[in-house]
Amino acid sequence: MPQPDLILLHPPTVYDFRNKTILYGPISDLIPSSPIFEMYPIGFVSIAEYLERAGYRVRIVNLAVRMLRDPNFDAEKLVKSLDSPVFGIDLHWLPHAHGAIEIGRMVKRHHPKSKLVIGGFSASCYYKELFHYPEVDYVLRGDTTEEPFRQLMDCILKGGETEAVPNLAWRDEKGEMHENPLSYVPNELGDLMVHYYDHTVQSAFRYRDLANYLPFQRWLRYPITAVLTCRGCTQNCIFCGGSAAAFRQMFNRHRPAFRLPEAVAYDVKRISRITRGPIFILGDIRQAGEGYAHRLLQLLGEERGKNQLILELFTPASGDLLKRMGEACPGFCLEISPESHDPEVREAVGKHYSNDALEETIEGALKAGCQRVDLFFMIGLPKQTPKSVMDTIDYCGFLLDKFQGDKRVSPFIAPLSPFLDPGSLAFEHPERYGYRLLFRGLEEHRQALLEPSWKYTLNYETEWLDRHQIALTAYEALLRLNRLKASHGSISKEMAEASEDRINTALEMLHRIDDIVASGQKEQLSQIKATVDWVNMSPACGKKELELPTAFIKLRPLRTLWSLVRGR
Ligand code: B12
Ligand code: SF4
């Protein structure tokens, strides 16, 4: 097996989550990952492909998935067995703050001469604090690090001027931190993510370890993939660390960089050679203008792939666009996040549209043959009281009635958790939006992740909901929505019962943990570990619902993979 020049490691949120009693809460109910957030950043694949083109061998190791899949998997043993002059760890999502540093320590324990590079959105926000950890040699900042990473690899392996690498923060031999300007922020992405899906498959074959390349634990059973349309965002949802304002402040990006519609359509085509699973086209395709959306839909329509496509809308859409979506991507799914039923709350979040416009969009989508319209509501927003959250559930009932129990309309709700994103407008100006930040620093987030329940991990409260209310309101809303869906026949009786059982047990554990914390006898936590683990790892009803029917989803035969390996 060839020795890599760089190994990219994806950590679990908390190391070692398997030995701790932590009630993670409904933080990952609506995404494919478990609460360990085992999915590695798509950027890993992009970095790997770019560096390979520059002549470096790059291997991805998803430690989080390996630890989840096998309770006996020894992460330290694997890290020790790896050999590479450079290791990279993502601190992209802040919930990995604990795991990322612990895995970094492990790398340096066993490979003191290797260099350690940290990157990702949260690393960019906390780059200065990261140098408080002596294991960290470099932090690569920004939303686009492929080219700076190439230059850094040249420096490390061939010798060069560290001062000249854009976006790099680094430690000199005396241990002092230096910071190069965050100047590499390209608006053209033409040479990035060219064949990245093919590349991932080829690498998995080269290192004979599909397990390390799996994006999340259940991927082989539910092989959903994602295709990016851009870097950046045109919107300003106040809680989002990937908003236009956050990109400006944290990553020096003043406008999004869009991939060409041809590149997006090409990705869809290539993925369809690997899997028949659903493909999520990330980002509203109208962000670069209606013309872009029409061109992309035209290309997708010409391709007529068999994979189901999931499209996203940031705001309501015209009947014409929805019709085009239906024609180009038959049986498509649509995702919209109105956040609240109350336009005043929605407005405070940075979304400016009415319920009428929302309902017209749902209607238009159903008419256009949309197979499912997923609606996402959130808890922990400005001006949102516990009653307002329950009114949102009532509104979900109104929608199910309005569309006469059409099973294609699927509302979901989840708390804003575990963290208000660093870099978001609400994080940077909490008082302006009615938020109270309970802690800000990286180390404080690391420690909060070790708290026994998600209620204590939350880094915020609002003027209208304290942490305890956020947790209780979330479980109450989940119970009510579950019952509502059961009564409308949107979910089966068995699914509703299983979900009710899981939510009630979670609530019971929340209270038990509160009692244990109040008594100061944390050693008692181990007595409830089995139940807490069961709640954490049994997939939420929402997650199952979000999965499109899998009867026809299959990984394409190995022959196809082989053809990719051989570059055909
Ligand atoms: C697509 C997306 C997802 C996808 C996952 C895609 C993926 N696997 O990467 C889904 C929907 C599953 C998702 C889930 C979550 N997401 Co998300 N997501 C996004 C979104 C919309 C786009 C990100 C993107 O595609 N970037 C483009 C790709 C190519 O680049 P990249 O992966 O960021 O990598 C580049 C750089 O970041 C950097 N980099 C990344 N890793 C590393 C590592 C090293 C060593 C180096 C040097 C560089 C580096 O270099 C890369 C290449 O240039 C952003 C918002 C936005 N507008 O950007 C939020 C965002 C990143 N997500 C966020 C959050 C909070 C989450 C969740 C925790 C939410 C939750 N509670 O469920 C989960 C975590 C899931 C997990 N890990 O298992 C926050 C992160 C805030 C923060 N600082 O913590 C963001 C900013 C906004 C938001 N709230 O949604 N997400
Ligand atoms: S949550 Fe809002 S600001 Fe953040 S990426 Fe999505 S649309 Fe953009």
Only one of (1) surrounded by 18 or more Cβ atoms within 10 Å (Cβ to Cβ); (2) in a loop (DSSP other than H, G, I, E, B); (3) in contact with a helix residue (DSSP H, G or I) (Cβ under 6 Å, 6 or more places away or on another chain); (4) not small (Gly, Ala, Ser) does not apply to residue 144, and that is (3)
Restricted to the range 461-475 and to residues being touching a helix residue (DSSP H, G or I) at 6+ places or on another chain (Cβ under 7 Å) and outside any loop (DSSP other than H, G, I, E, B), the residue nearest to residue 347 (Cα to Cα) is 461
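When the residues of the range 284-295 are narrowed to those that are more than 16 Å from ligand 1 (Cβ to nearest atom) and within 15 Å of residue 256 (Cβ to Cβ), which ends up surrounded by the fewest Cβ atoms within 10 Å (Cβ to Cβ)? Quick ask: steps written out before the conclusion?
Just the residues of the range 284-295 that are more than 16 Å from ligand 1 (Cβ to nearest atom), to begin with: 289-295.
Restricting the remaining residues to those that are within 15 Å of residue 256 (Cβ to Cβ) gives 289, 292-293.
On the way: 289: 11, 292: 19, 293: 21.
My answer is 289.
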query: Can you find a residue in the range 259-273 that is more than 10 Å from ligand 1 (Cβ to nearest atom) and over 30 Å from residue 302 (Cα atoms)?
result: no
Filtering the range 21-37 down to residues that are more than 6 Å from ligand 1 (Cβ to nearest atom) and either assigned to a loop (DSSP other than H, G, I, E, B) or without any contact (Cβ under 8 Å) to a residue 12 or more places away in the chain (or both) yields 21, 22, 24, 25, 26, 29, 30, 32, 34, 35, 36
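Which of the residues belonging to the range 236-254 are surrounded by fewer than 22 Cβ atoms within 10 Å (Cβ to Cβ), under 16 Å from residue 314 (Cβ atoms) and more than 8 Å from ligand 2 (Cβ to nearest atom)?
Step one: of the range 236-254, the residues surrounded by fewer than 22 Cβ atoms within 10 Å (Cβ to Cβ) are 236, 242, 244-245, 248-249, 252, 254.
Pick out the ones that are also under 16 Å from residue 314 (Cβ atoms) and you get 236, 242, 244-245.
Scanning the range 236-254 gives a single hit, 245.
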Based on what the data block shows, is residue 285 at pLDDT 95 or above, in contact with a Leu (Cβ under 8 Å, 6 or more places away or on another chain) and not in a strand (DSSP E or B)? yes
For the range 96-121, pairs from a residue that is surrounded by fewer than 20 Cβ atoms within 10 Å (Cβ to Cβ) to a residue that is of a type in the set (Lys, Arg), with Cβ under 7 Å and 6 or more apart or across chains, are 110/80
Note on residue 450: of the conditions (1) part of a helix (DSSP H, G or I); (2) surrounded by fewer than 19 Cβ atoms within 10 Å (Cβ to Cβ), unmet is (1)
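Look at residue 172 and say whether it is away from ligand 1 (no atom under 14 Å from the Cβ), outside the structural domain of residue 227 (by TED's automatic domain parsing) and surrounded by 19 or more Cβ atoms within 10 Å (Cβ to Cβ). Let's see the steps before the verdict.
Values: away from ligand 1 (no atom under 14 Å from the Cβ): yes; outside the structural domain of residue 227 (by TED's automatic domain parsing): yes; surrounded by 19 or more Cβ atoms within 10 Å (Cβ to Cβ): no.
Answer is no for this residue.
Where residues in the range 78-92 are buried (at least 19 other Cβ atoms within 10 Å of the Cβ) and in contact (Cβ under 8 Å) with a residue 60 or more places away in the chain, which of them is nearest to the chain's Cα centre (by Cα)? Break it down into steps so the answer makes sense when it comes.
If we filter the range 78-92 for residues that are buried (at least 19 other Cβ atoms within 10 Å of the Cβ), which is where we start, we get 79, 84, 86-92.
Checking which are in contact (Cβ under 8 Å) with a residue 60 or more places away in the chain leaves us with 79, 84, 86-90.
Working: 79: 24, 84: 28, 86: 25, 87: 22, 88: 19, 89: 16, 90: 13 Å.
Ranking the qualifying residues of the range 78-92, first place goes to 90.
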When restricted to 440, 436, 432, the only residue assigned to a loop (DSSP other than H, G, I, E, B), in the same structural domain as residue 515 (by TED's automatic domain parsing), surrounded by fewer than 18 Cβ atoms within 10 Å (Cβ to Cβ) and of a type in the set (Lys, Arg) is 440
Taking first residues from the range 231-246 that are under 16 Å from residue 348 (Cα atoms) and second residues anywhere that are among the acidic types (Asp, Glu) and near ligand 1 (Cβ under 7 Å from one of its atoms), the pairs with Cβ under 7 Å that are 6 or more apart or on different chains are 239/421; 240/421
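So that you can scan it fast, the table gives a plain yes or no per residue for (1) closer than 24 Å to residue 96 by Cα; (2) within 24 Å of the chain's Cα centre (by Cα):
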position: 153; (1), (2): no, no
position: 159; (1), (2): no, no
position: 162; (1), (2): no, no
position: 170; (1), (2): yes, no
position: 216; (1), (2): yes, yes
position: 220; (1), (2): yes, yes
position: 224; (1), (2): yes, yes
Within the range 69-95, residues being outside any helix (DSSP H, G or I) and either within 13 Å of ligand 1 (Cβ to nearest atom) or β-branched (Val, Ile, Thr) (or both) number 9
Residue 49 vs (1) farther than 25 Å from residue 108 by Cα; (2) away from ligand 1 (no atom under 15 Å from the Cβ); (3) not in a loop (DSSP other than H, G, I, E, B): all pass except (2)
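On the given criteria, is residue 345 under 25 Å from residue 479 (Cβ atoms), without any contact (Cβ under 8 Å) to a residue 60 or more places away in the chain and either assigned by TED's automatic domain parsing to the domain that holds residue 283 or within 16 Å of ligand 1 (Cβ to nearest atom) (or both)?
Working: under 25 Å from residue 479 (Cβ atoms): yes; without any contact (Cβ under 8 Å) to a residue 60 or more places away in the chain: yes; either assigned by TED's automatic domain parsing to the domain that holds residue 283 or within 16 Å of ligand 1 (Cβ to nearest atom) (or both): yes.
When the stated conditions are applied, residue 345 passes them.
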Among residues of the range 29-52 being of a type in the set (Gly, Ala, Ser) and away from ligand 2 (no atom under 16 Å from the Cβ), the residue farthest from residue 471 (Cα to Cα) is 48
The number of residues in the range 147-162 that are among the hydrophobic types (A, V, I, L, M, F, W, C), without any contact (Cβ under 8 Å) to a residue 40 or more places away in the chain and surrounded by fewer than 17 Cβ atoms within 10 Å (Cβ to Cβ) is 0
The lone condition residue 228 fails out of (1) crowded, with 21+ Cβ neighbours inside 10 Å; (2) among the hydrophobic types (A, V, I, L, M, F, W, C); (3) farther than 23 Å from residue 248 by Cα is (3)
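The values are calculated or read from the model by the stated rules, or taken from the named source; none is laboratory data. Predicted model, so just to flag it, every value in this text is computed and none were measured. Cβ sites come from the backbone with ideal geometry, for glycine too, and all protein chains shown count toward neighbours.
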